[in-house]
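Colleague: Shown below is the structure under consideration.
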Amino acid sequence: MSNKKIESQDKTLENIEITLSKTEQFIEKNQNKILYVLGGILVVVALYWAFVKYYQTPRNNEANSQMFVAQQKFAADSFALALNGNVSTLGFLAIIDDYSGTKAANLAHFYAGICYLNLKDFDNAFNQIKKFRTTDILLASEKYGLLGDICVEQDKLDEAIKWYKKATKNKYSNNFSTPIYLKKLGLVYEKQNKFAEAQKVYETIYYSYPQSNEARTIEKYIERTKLNSK
């Protein structure tokens with residue numbers, strides 16, 4: 001081994017030793033502060049754990065129990081009753097107010113939005129569905145697709161396109177809702193006489209989702225846009 005290589009290695013080791021020495025000096029000098037910070041972090045973690053276990057989880061369980069009747073009314077298409085409840089049961093709106101911050105209240109936003117949509121109260125439907133938060137691919141796609149549906153009902157076609165595009169993004173792609181909202185996107189494009197854009201969307205269904213229900217009849221939509229593009 002050459003002298004230059006040995007000198008280089010020695011210098012590297014020396015630099016490491018200096019760095020370690022400085023680190024040790026810093027720890028010794030600030031030991032109390034470091035312990036206070038670590039102690040503070042442990043306290044915050046412990047408090048959060050206690051909050052979730054002894055407060056948030058029981059509230060969420062209670063909210064789920066209270067919401068059961070509203071879900072039954074929703075399934076029976078009794079949307080006004082599911083939304084508002086009655087003297088003996090809570091509706092989705094009360095769940096949102098009484099159990100704010102729980103998973104159940106978050107889900108209640110979604111239910112409430114669909115109830116409002118069926119009751120033709122589009123502004124409240126939009127606001128409730130937009131407040132719903134989820135990491136589930138299918139539910140996220142449904143959320144944005146429903147926002148698109150509401151905008152179509154209000155004749156806000158440009159905004160509807162924005163939400164349908166979001167509902168069909170690659171990260172939300174699935175064989176169930178994606179072709180549904182792609183077809184709706186294509187229909188909106190047709191309403192705006194954007195036939196070339198509509199054709200591309202319909203062809204995406206044909207080639208990328210050939211097993212979907214939408215793909216079975218999509219060829220006639222493709223042909224229609226081709227004719228209208230001429």
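Colleague: Please work out if LYS220 is out of contact with any Lys or Arg (no Cβ under 7 Å at 6 or more places or on another chain), surrounded by fewer than 21 Cβ atoms within 10 Å (Cβ to Cβ) and closer than 30 Å to VAL69 by Cα.
Modeller: No; evaluated as a whole, the condition is false for this residue.
Colleague: I'd like to check something: does region 154-173 contain any residue that is of a type in the set (Phe, Trp, Tyr), in a helix (DSSP H, G or I) and over 10 Å from the mean Cα position of the chain (by Cα)?
Modeller: Yes; the residues of region 154-173 include at least one that is of a type in the set (Phe, Trp, Tyr), in a helix (DSSP H, G or I) and over 10 Å from the mean Cα position of the chain (by Cα).
Colleague: I would also like to ask the following. ASP123 is checked against (1) under 25 Å from the mean Cα position of the chain (by Cα); (2) at pLDDT below 95 and fails just one. What number does that condition carry?
Modeller: The single condition ASP123 does not satisfy is (2).
Colleague: Would you say LEU146 is among the aliphatic types (A, V, I, L, M), assigned to a helix (DSSP H, G or I) and more than 23 Å from LEU227 (Cα to Cα)?
Modeller: The answer is yes for LEU146.
Colleague: Ok, one more. Consider only pairs whose beta carbons are under 8 Å apart and that are at least six residues apart or on different chains; among these, list those whose first residue lies in region 67-95 and is under 14 Å from PHE110 (Cα atoms) and whose second residue is in a loop (DSSP other than H, G, I, E, B) and among the hydrophobic types (A, V, I, L, M, F, W, C).
Modeller: Short answer, once both residue conditions are applied: MET67/LEU90; ALA70/LEU90; PHE79/LEU119; LEU83/LEU119.
Colleague: Okay, next question. Within the set of pairs 6+ apart or on separate chains, which have a first residue in region 203-230 that is farther than 19 Å from TYR172 by Cβ, a second that is of a type in the set (S, T, N, Q) and outside any helix (DSSP H, G or I), and C-beta atoms under 9 Å apart?
Modeller: Between residues of region 203-230 that are farther than 19 Å from TYR172 by Cβ and residues that are of a type in the set (S, T, N, Q) and outside any helix (DSSP H, G or I), the close pairs are ILE218/SER212; ASN228/ASN193.
Colleague: Does THR135 satisfy the condition of being of a type in the set (Ser, Thr, Tyr), modelled with pLDDT under 95 and under 30 Å from THR168 (Cα atoms)?
Modeller: When the stated conditions are applied, THR135 passes them.
Colleague: I want to confirm something. Restricting to region 146-174 and keeping residues that are of a type outside the set (Ser, Thr, Tyr) and within 17 Å of TYR209 (Cα to Cα), which single residue is surrounded by the fewest Cβ atoms within 10 Å (Cβ to Cβ)?
Modeller: Of everything passing the filter in region 146-174, ASN170 is surrounded by the fewest Cβ atoms within 10 Å (Cβ to Cβ).
The values are calculated or read from the model by the stated rules, or taken from the named source; none is laboratory data. Note that the coordinates shown come from a computational prediction; the quantities given were computed from them, not determined experimentally. Methodologically, a virtual Cβ is constructed for each residue, glycine included, from the backbone with ideal geometry; neighbour enumeration extends over all protein chains shown.
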